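The values are calculated or read from the model by the stated rules, or taken from the named source; none is laboratory data. Computed from a predicted structure; not experimentally measured. Neighbour counts are summed over all protein chains in view; Cβ atoms, including those assigned to glycine, are modelled from backbone coordinates with ideal geometry. Calculation scope for accessible area: heavy atoms of the full protein, side chains included, ligands and nucleic acids excluded. Shrake-Rupley method; radii C 1.70, N 1.55, O 1.52, S 1.80 Å.
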Amino acid sequence: MTEFGCGFWNYAKLVDWSGKIYNGYDVALGPIRFNSDAYGASNIRFHQLVDGVQLAPADLLICKDVLQHLPTDDVLHYLAIFKERFSYILILNAVLPDDNLNGPIDYGDFRALRLDLPPFNETLEVIDEWDNPLFGVPYHEHVCLLRGKRAQPASVRTWAKQLVKRLRPS
C-alpha cells in the first residue's frame, strides 16, 4: 500500500499493517522524520516527496485530503500517475461546501472536489461518506474508489473497504 500525503499518520497508526507493506509519502520533512522514528519498521517506510521521487507501485494508493489543496492541473497530473501505478485508488476529499466546487485555486488553498464531475470526469464508486464540521463550516467528505490499470486483486478491494472504518473521524 502507498499513501500520497501521509502527514503525521493519525489514522494509519490504528491499522494492523502486519503482512502488508506500507510506503507513506509527504512533501513535509517533519512528519516523515517523526513517523520514521515513531512507526517505521521493515514493512513500514516513509519518504519525502520531492522532484524525481517515484511513488512505490502497489495494489492500493490512499490519498486523504490532499488533492483538494492542489491546482486543477496538478490534480489531473496525479490522477494520471495514480491510474498507471496502482490497482485501486482510495481518495478522500471534501465535496461540501461547494461554493468553488472543482474551481481554480493556488497551491495550499482549498476547494471541494467531485472527481466524477468536470474537469476530471472520473469513473468512481463512493464507498462511504460523512459530515465533518470544522470551525463551524459544514464539510462533507466522500471516500471514492477508483480503479487503476494494474491487475486488481479482489482481496485489496475488500481490505480497502475495511480500512475506510479507520479513516472516519471519531
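Results, tabulated for the structure shown:
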quantity	calculated
Residues of the stretch 112-130 that turn out to be under 16 Å from A160 (Cβ atoms) and not in a loop (DSSP other than H, G, I, E, B), as a count	5
Selection from the stretch 131-157 of residues that are within 17 Å of the chain's Cα centre (by Cα) and either exposed (fewer than 14 other Cβ atoms within 10 Å of the Cβ) or assigned to a helix (DSSP H, G or I) (or both)	V156, R157
Residues of the stretch 67-90 that turn out to be over 15 Å from R111 (Cα atoms), open to solvent by less than 40 Å² (accessible area, probe 1.4 Å) and of a type outside the set (G, A, S), as a count	6
Tally of residues being crowded, with 19+ Cβ neighbours inside 10 Å and among the aliphatic types (A, V, I, L, M) across the stretch 1-34	3
Selection count, the stretch 72-113, where residues are without any contact (Cβ under 8 Å) to a residue 40 or more places away in the chain and within 18 Å of G5 (Cα to Cα)	8
Where a residue in the stretch 114-139 is within 15 Å of D98 (Cα to Cα) and its partner, wherever it lies, is among the polar types (S, T, N, Q) and assigned to a strand (DSSP E or B), with Cβ under 9 Å and at least six apart	R114/N93; L115/N93
Failed condition for G24, given (1) more than 17 Å from C144 (Cα to Cα); (2) over 15 Å from the mean Cα position of the chain (by Cα)	(2)
The stretch 91-116, residues that are over 21 Å from P133 (Cβ atoms) and surrounded by fewer than 14 Cβ atoms within 10 Å (Cβ to Cβ)	G103, P104, D106, Y107, G108
Pick from the stretch 35-56, criterion among the hydrophobic types (A, V, I, L, M, F, W, C), at pLDDT 95 or above and under 18 Å from the mean Cα position of the chain (by Cα), ranking: surrounded by the most Cβ atoms within 10 Å (Cβ to Cβ)	F46
